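The values are calculated or read from the model by the stated rules, or taken from the named source; none is laboratory data. Predicted model, so just to flag it, every value in this text is computed and none were measured. In this analysis, Cβ positions are derived from the backbone assuming ideal geometry, glycine residues included, and neighbour counts consider all displayed protein chains. In case anyone asks, the SASA skips ligands and DNA or RNA and just uses the protein heavy atoms, side chains included. Shrake-Rupley method; radii C 1.70, N 1.55, O 1.52, S 1.80 Å.
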Amino acid sequence: MAFNVPRHLPDFGSQNRDLEDHAWSSLRGAGARDKPFTYTPSYKNRPLWRKKRFFGGITMLVVFALYMLGFWSSPEVKSKPATAKSAWSWIGMSNSDKVDWEERRQAVVEAFQVSWDAYERYAWGYDEFHPVAKTGKNMAPQGLGWIIIDSLDTMILMNQTSRLQHARQWISESLTWEQNQDVSTFETTIRMLGGLLSAHYLQTEFPNLAPLEEDDEGAAGEDLYLEKAKDLADRLLSAFESPSGVPYSSVNLEKFKGIPSHDDQGAASTAEALSVQLEFKYLAKLTGEKYFWDKVEKVMEIADDNNPRDGLVPIYMHPINGEFKGENIRLGSRGDSYYEYLIKQYLQTNKEEPIYQEMWKESLAGVRKHLVTYTEPSGYTIIGERPSGLNKALSPKMDHLVCFYPGTIALAVTGGLTEAEARKLPTWSQQDEDDMQLAHEITQTCWGMYKYMATGLAAEITYFNIAKPPLMDGQPHNVPPATFDPDPDASWRKDFIVKNNDQHNLQRPETLESLFYMWRITGDIKYREWGWEMFKSFLEYEAVEDKGGFTGLANANTIPPRIKDNMESFWIAESLKYLYLLFSDDDLLPLDKVVLNTEGHPFPRFSMGPLFSTGWQRKPRDANGDLVGEPTP
Ligand code: DMJ
């Protein structure tokens with residue numbers, strides 16, 4: 001995934017600026033009135049501690065230190081905490097000590113209903129929802145249905161018939177892609193195209209979930225979701241009309257025109273270019289239009305022809321020449337879903353395209369070789385970054401985004417079977433054993449990111465203490481404790497570092513996603529319990545008063561937290577959906593029958609049939625992994 005959220009910076013137009021202005025103007029003001037261009041001799045001769053500039057300097061340092069400590073909040077931050085128990089007293093839980101997963105699942109449904117109803121009340125039809133201000137905002141003149149479409153399949157799974165009817169009515173009557181608006185190729189594909197396609201799939205496959213009524217908008221013989229999806233996809237496809245075939249970052253919807261990124265010398269994020277394949281391939285299968293398939297498949301070939309070392313891709317790609325740009329390698333922003341879509345493409349077409357499993361395996365071996373290390377003193381397993389290339393230093397930094405990875409590893413090992421079933425297969429290997437172990441370890445680290453924070457909600461980015469030089473995969477290291485001791489002085493806390501600018505929590509789903517896969521695949525109840533703990537933290541710190549929805553946090557490491565006043569569309573599309581699935585029975589979306597796209601939208605697996613086939617082959621490599629007959633880069 002590649003959506004980079006702007007860092008938490010002070011807005012010098014807000015009330016916070018007033019505070020800061022006050023501090024600064026008392027300095028500046030004093031200078032303007034009192035400070036001549038040259039100092040009087042008497043002033044000059046004063047001892048240092050009696051000089052105004054000494055105090056000025058000290059004050060500036062204090063102001064700076066207070067700012068760094070997060071003393072002044074950022075623009076979008078409201079000081080009103082969402083922490084009062086009354087903010088979520090609507091939840092209908094019994095006081096019984098007995099764990100009842102059905103009751104917990106219903107609590108998630110209630111959280112969804114409160115989120116949706118608040119959006120409906122205050123921001124209906126808008127693309128953004130600011131639940132504290134109780135306002136909405138559009139990303140295009142007539143809106144894109146950003147929240148409505150991203151929520152469709154969650155509503156179907158939760159059987160929310162009347163709410164779904166309202167959403168369909170809006171899509172039928174108000175949604176148009178005919179707007180002179182540039183949109184992100186990737187985000188619009190995974191959220192809007194993905195949302196419509198999964199709604200189409202669920203509605204067709206499970207007609208009894210949130211059933212359509214005769215008089216529903218768009219119901220009579222019309223495939224509303226698929227029609228809107230096809231119209232959108234035709235427009236998005238113009239992104240691929242670049243000299244190389246690598247998609248441009250943006251598209252103008254009305255003009256059917258791809259637009260290069262305004263930053264990064266026009267380069268696209270690698271994750272953006274290489275994780276739109278599930279959506280377009282499913283659409284190709286549904287419509288029989290092969291060009292959808294061919295366009296996205298071509299990008300896979302271009303990437304692989306670059307021969308990324310050990311299967312690890314730099315995070316930018318040029319639409320002009322199809323080459324990678326720079327050497328920054330990471331599984332966080334701009335890199336993540338490339339890896340996810342390798343294994344999911346293999347699974348989507350019923351394992352008929354082994355080329356993608358091969359690339360996945362190569363990349364996982366590369367991750368072990370270059371990015372896996374262990375923390376000190378406790379020995380947690382982390383996946384670091386190589387910001388300057390594989391020959392340069394490992395940075396012990398993990399975006400929360402990386403937490404999709406352990407669940408995806410487990411999915412890759414078993415193909416969606418339970419671990420118990422997969423172990424009975426003759427193909428089960430020591431490598432599978434090791435990969436499952438890695439998945440367990442990284443999931444625990446991601447859970448630690450939550451436990452480390454005052455609110456129990458993970459920061460956007462966590463750093464770790466590691467040895468110098470870093471321990472590499474498999475080297476002896478301490479075994480971390482199974483649980484996180486709540487003592488504020490507990491030793492495990494020394495392994496984790498959260499910087500002031502990284503303390504925001506945007507309601508991201510990745511750890512919940514992995515908990516869902518780990519629970520389904522291993523059956524280890526602790527993953528469900530961790531999910532429940534996380535859900536309670538969301539209730540405690542992100543619920544807005546008066547059933548006002550849920551908001552992200554600008555600082556999740558202080559109580560009360562500072563609020564960011566935004567309810568992300570993936571809060572409903574992913575975080576609440578993964579919680580719901582985590583607490584549901586395993587036969588709801590069986591993992592060996594579906595693939596979920598990177599926005600949490602389920603698609604069916606299918607056979608390619610006569611119309612489709614893998615239209616490319618990997619170039620031959622030698623024993624070192626270099627392309628045969630081509631110079632080593
Ligand atoms: C979502 O839009 C998708 O999961 C994407 O791949 C990653 N970023 C957000 C959620 O964090």
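Structure data summary
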| item | result |
| --- | --- |
| Selected residue (only one of 356, 316, 341 is closer than 24 Å to residue 200 by Cα and of a type in the set (Phe, Trp, Tyr)) | 341 |
| Those residues of the range 169-186 which are assigned to a helix (DSSP H, G or I) and surrounded by fewer than 23 Cβ atoms within 10 Å (Cβ to Cβ), in sequence order | 169, 170, 171, 172, 173 |
| Residues located in the range 477-512, provided they are among the small types (Gly, Ala, Ser) and within 27 Å of residue 582 (Cα to Cα) | 482 |
| Matching option when the condition is within 16 Å of the ligand (Cβ to nearest atom), over 19 Å from residue 264 (Cα atoms) and under 18 Å from the mean Cα position of the chain (by Cα), among 315, 343 | 343 |
| Selection from the range 524-565 of residues that are part of a loop (DSSP other than H, G, I, E, B) and open to solvent by 30 Å² or more (accessible area, probe 1.4 Å) | 524, 545, 546, 547, 557, 558, 559, 560, 564 |
| Selection count, the range 309-337, where residues are hydrophobic (A, V, I, L, M, F, W, C) and open to solvent by 10 Å² or more (accessible area, probe 1.4 Å) | 2 |
| Odd one out for residue 192 among (1) part of a loop (DSSP other than H, G, I, E, B); (2) touching a helix residue (DSSP H, G or I) at 6+ places or on another chain (Cβ under 7 Å); (3) crowded, with 18+ Cβ neighbours inside 10 Å | (1) |
| Where residue 188 falls short, out of the listed (1) within 16 Å of the ligand (Cβ to nearest atom); (2) of a type in the set (Ser, Thr, Tyr); (3) more than 13 Å from residue 147 (Cα to Cα) | (3) |
| Count of residues meeting criterion [open to solvent by less than 30 Å² (accessible area, probe 1.4 Å), out of contact with any strand residue (DSSP E or B) (no Cβ under 8 Å at 6 or more places or on another chain) and not hydroxyl-bearing (Ser, Thr, Tyr)] in the range 597-624 | 7 |
| Single condition residue 302 does not satisfy, out of (1) farther than 22 Å from residue 411 by Cβ; (2) open to solvent by less than 10 Å² (accessible area, probe 1.4 Å); (3) of a type in the set (A, V, I, L, M, F, W, C) | (2) |
| Matching residues, the range 492-523, being within 16 Å of the ligand (Cβ to nearest atom), touching a Phe, Trp or Tyr at 6+ places or on another chain (Cβ under 6 Å) and open to solvent by 10 Å² or more (accessible area, probe 1.4 Å) | 510 |
| Test for residue 574: is it within 14 Å of the ligand (Cβ to nearest atom) and open to solvent by less than 10 Å² (accessible area, probe 1.4 Å) | yes |
| Boolean, residue 603 is within 16 Å of the ligand (Cβ to nearest atom) and in a helix (DSSP H, G or I) | no |
| Subset of the range 394-411 (residues that are among the β-branched types (Val, Ile, Thr) and in contact with a helix residue (DSSP H, G or I) (Cβ under 6 Å, 6 or more places away or on another chain)) | 408, 409 |
| Residue within the range 159-182 that is under 19 Å from the mean Cα position of the chain (by Cα), among the polar types (S, T, N, Q) and modelled with pLDDT of 95 or more present | no |
| Matching residues in the range 248-272 - criterion: being under 16 Å from residue 314 (Cα atoms), away from the ligand (no atom under 16 Å from the Cβ) and either free of Cβ contacts under 8 Å to residues at least 24 places away in the same chain or within 22 Å of the chain's Cα centre (by Cα) (or both) | 264, 267 |
| Hits in the range 94-111 - residues which are free of Cβ contacts under 8 Å to residues at least 24 places away in the same chain, of a type in the set (Asp, Glu) and within 16 Å of residue 529 (Cα to Cα) | 97, 100, 103 |
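For (1) open to solvent by 10 Å² or more (accessible area, probe 1.4 Å); (2) aromatic (Phe, Trp, Tyr), each residue gets a yes or a no:
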| residue | (1), (2) |
| --- | --- |
| 339 | no, yes |
| 354 | yes, no |
| 358 | yes, no |
| 369 | yes, no |
| 382 | no, no |
| 386 | yes, no |
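Okay, residues lined up against (1) away from the ligand (no atom under 16 Å from the Cβ); (2) in contact with a Gly (Cβ under 6 Å, 6 or more places away or on another chain); (3) not aliphatic (A, V, I, L, M):
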site: 525; (1), (2), (3): yes, no, no
site: 534; (1), (2), (3): no, no, no
site: 548; (1), (2), (3): yes, no, yes
site: 567; (1), (2), (3): no, yes, no
site: 570; (1), (2), (3): no, no, yes
site: 608; (1), (2), (3): yes, no, no
